Every structure is written in C-alpha cells, then in structure tokens.
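In what follows, a structure is listed as structure tokens, so that the remarks can point back to it.
Each value in this text was obtained by applying a stated rule to the coordinates, not by laboratory testing. None of the values given here were measured: they were computed from a predicted structure. Counting neighbours? That spans all protein chains shown, and the Cβs are built from the backbone with ideal geometry, glycine included.
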Amino acid sequence: MRPLEDYLIIDFSQFLSGPSAALKLADMGARVIKIEKPDTGDICRHLYTSNVIMNGESSVFHAINRNKESFSADIKDDHDRQQIWDLVKQADVVMHNFRPGVMERLGFDYQSVYSVNPSVIYGEISGYGNEGPWKDNPGQDLLLQSLSGLTWLSGNAGGPVPMGLSIIDMLAGNHLAQGLLACLFRRTISGEGALVQVSMLESAFDFQFEAITTYYYDGKLPERSQKNNAHAYLGAPYGIYQTANGFIALAMGSIPQLGTLLGCDPLLVYTDVASAFHLRDEIKAILANHLLTGTTEQWLGILQKADIWCADVLTWDTLMQHDGFKALNMLQQVEMSDGFTYRTTRCPISIDGELLTSAKGSPKLGEDNAAIINDLITRHEH
C-alpha cells in the first residue's frame, strides 16, 4: 500500500509548479483530479515549451500530468460549479497556482473551501507572495530567476546566465508538496486542516541559501571565474574542462597534486591553498590548456585511481546506455487511455524497497468525468 492511498487531491493548478507538486502526491498513491476548463484545459496542453508534440499535445503536459485524472468543468456554469463543490467537500487536499485574488473571484479560495470542509489541507503557489509591489506580476520561471539573483551564479563571469530548466517552478512544486505532506501528517494527530502557501520567489531565495548566507556575512556579491566556472564561491579546479575527445568535470582538489598526477608542471608552484581561489582564473587557464592534450578516458584513468573527485560529462544518449543509469530503472513506459504510450521518468523516491512507478499516462481532457461523477459526485449526493 502506498502512503497516500485513499487521499483525494482536487487540483486547480496549471502549467508546471502546481502540477509538479500534484504529481509527487499521485506517485505516492493519492487520487489526483485535475479541474480543467472545457475545450482548452490546462494551458500547458498547448503552450509548447519545446517543438515536440505528443499525441496532439505538449510533451511537457504529458511529462508532468501522468498518473492523474481530468475533470472538465466550467467553473462559471452553475451545474458544473456545484459538481466541483461536491468534489471539494470530499477532498483531503485542494490546491492551485493562480495569482493572488483569482481564487477569491472564482469563489474557491481557502476561506470558502474551509467553510464546507474544515479539515481540508489547502495549498497554493503564487509567483511573489500575497503582499508587496510584485504580487500581481506573472509568476514565470525566467522572470523569477532574473529577479532573485540566480542568474549571477551560473556560467562564466560577464552577463547573467539563466539555468536551462524551469527550476523555480519545480522547486516551488516540491516545497508545496512538502508543506502539504507535513499538514496531512498533523491532521492525523489533531484533525485540523491548514493553509499552505508557497511563492516561487521565496523558493528561489531558499535555493540560494548558501550563497545568500555568505553574502550577508562578507557583504560581497558572488564573483564567477572567467573560465570554466561551475560555482562562484569555489576555487580552482572546480569546473568542466574540454579534453581531446570530450569533457571532464573536476571538483575540489589540491592544485599541486593535480599538477603531479596530470604531468602539468606549471601547476606545481601553486602551493598556497588560498591561491586556488584568488588565482583561480590563472590556474584554470593552465589546466584547461593541459587537459586538451589527452582524452577524457586517459585523465579519468589517472585521477580516479588517486581518488580525485572527477567525472565524465555525459549527454543523454550516452548516459542512457551506461550501466550506472540502467541500474536505477529511472525510466518507465506509461499508456494513455487511447493506447498512446511514451517513456518518461519515474518518481525518484523508493519506499520499503519499492520503486514508485505507475503505468498510467496523462489524461485526455475530461476523459474521467463520467467515472468521477459516478464514484464521487453521485455517491456523495446520496
């Protein structure tokens, strides 16, 4: 039995942050019902973040909404609205990721839901919180990365560099899932419901807790290295370097020891530990030029034997053929109701040795209406 079996999640959220939280709950056994607009549904169905269309809809929608049910309802129609209320009254969790004030206008805000379901755990993700001058701005990932200072940590010194994933969306989703799970646990003890609030901006700040703590101690903005930067606060050799046939990642290590192992005599003079940071651009330039003279396999063979922290830099096609990847069984095949199948990742959590996999793909818009009405709404009315 999965830990959240028999829990009912009514999810109004769209796109990435909220649905990623709901996916975690679904994989742990909860029944997740997406409330979607007729005709269009979740905006993510058609707002493509890649040029890949799967079974007529966005690949991102399929990745983030597997293992869920879809209930199509017009929230402004009296009949549909009553059906949504019938679901909300039975829900263990109700969640959304709309801007502040939207759910109040729709009538499904926390206070309204609490009045009919006082033990509900109500979760919401906003872009910037409910207060302050930014609260009504669009909570879009790149904008949050840019406002939060995150873009000054990646890439080499120079201009800002965003991360190549919608990282703030996913962090906020994970934080919401954590808060919901904590309050579900508390409810088993006290019976009380809760309002769990997460903002993408606060998630972005939390993501940078090490860097922000350091800034408040020394008052200095992060300075990325000019070459091979991988961490603004770490010295050489920390970074990724090109070799004769690929790339190699080097983490922390003694510069003279690297010089000896790699046969790079110019590195032997950097005996002062502090120079690894203060002279890191100089050191990295020497190291980068030297590593070009050998293959990735050659350098790894030398460094790994000496217990130096290093790794190959793999692309997905190479990674997925590697025994290290295969051993994890990270991929699963899921199937939609119309028979369309696709491969995607599984939940990264295992419980009691069991991998949390599910064969259920993403739902077609409104495909579960009849089952939901029969299982939950009609039964509830009687």
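Between Asn329, Asn228, Asn174, which gets the highest mean-square fluctuation from a Gaussian network model of the chain, Cα cutoff 10 Å?
Asn329
Tell me the volume per residue, in Å³, of the convex hull enclosing the alpha carbons of the range 269-382.
For the range 269-382, the hull spanned by Cα atoms encloses 265 Å³ per residue.
Can you sort Ile248, Ile10 from fewest to most other Cβ atoms within 10 Å of each residue's own Cβ?
Ile248, Ile10
Student exercise: in the chain, how many lysine pairs 8 or more apart or on different chains have Cα atoms under 16 Å apart?
Lysine pairs meeting the criterion: 13.
With 10 angstrom as the radius, rank Met200, Met320 by how many other C-beta atoms surround their C-beta, starting from the fewest.
Met320, Met200
Using 7 Å Cα-to-Cβ label points, what is the Arg105/Thr344 separation (nm, one decimal)?
That separation, rounded to one decimal, is 3.0 nm.
Phe247 to Asp39: FRET efficiency via 1/(1 + (r/R0)^6), r the Cβ-Cβ distance, R0 45 Å, to the nearest 0.05?
So the FRET efficiency works out to roughly 0.45.
Just need the Rg to Rh number for the chain, please, alpha carbons only, Kirkwood Rh.
With Rg and the Kirkwood Rh in hand, the quotient comes to 1.05.
Picking from Gly366, Met170, Ile121, whose Cα lies most toward the positive end of the charge dipole for the chain (charges on Cβ: Lys, Arg +1; Asp, Glu -1)?
Met170
Starting from the Cα gyration tensor of the range 28-155, take the square roots of the eigenvalues, sort them a ≥ b ≥ c, and report rounded, prolate or oblate (rounded when a/c is under 1.5, otherwise prolate if a/b is larger than b/c, else oblate).
Here the range 28-155 falls in the oblate category.
Write down, largest first, the equivalent ellipsoid semi-axes of the range 239-319 in whole Å, where each equals the square root of 5 times an eigenvalue of the alpha-carbon gyration tensor.
22, 13, 12
As a footprinting exposure proxy, order Met1, Met330 by other Cβ within 10 Å, with the fewest listed first.
Lowest to highest Cβ neighbour count: Met1, Met330.
Take Glu5 and Leu328, extend 7 Å from each Cα along the Cα→Cβ direction, and tell me the distance between the two endpoints in nm.
About 2.8 nm separates the two model spin labels.
Check which residues have an amide H placed less than 5 Å from Leu195's amide H, if you skip close sequence neighbours.
Under 5 Å from the amide H of Leu195: Tyr122.
Taking the Cα atoms only, what angle lies between the long axis of helix 280-291 and the longest principal axis of the chain, rounded to 10 degrees?
On a 0 to 90 degree scale, this one is about 80.
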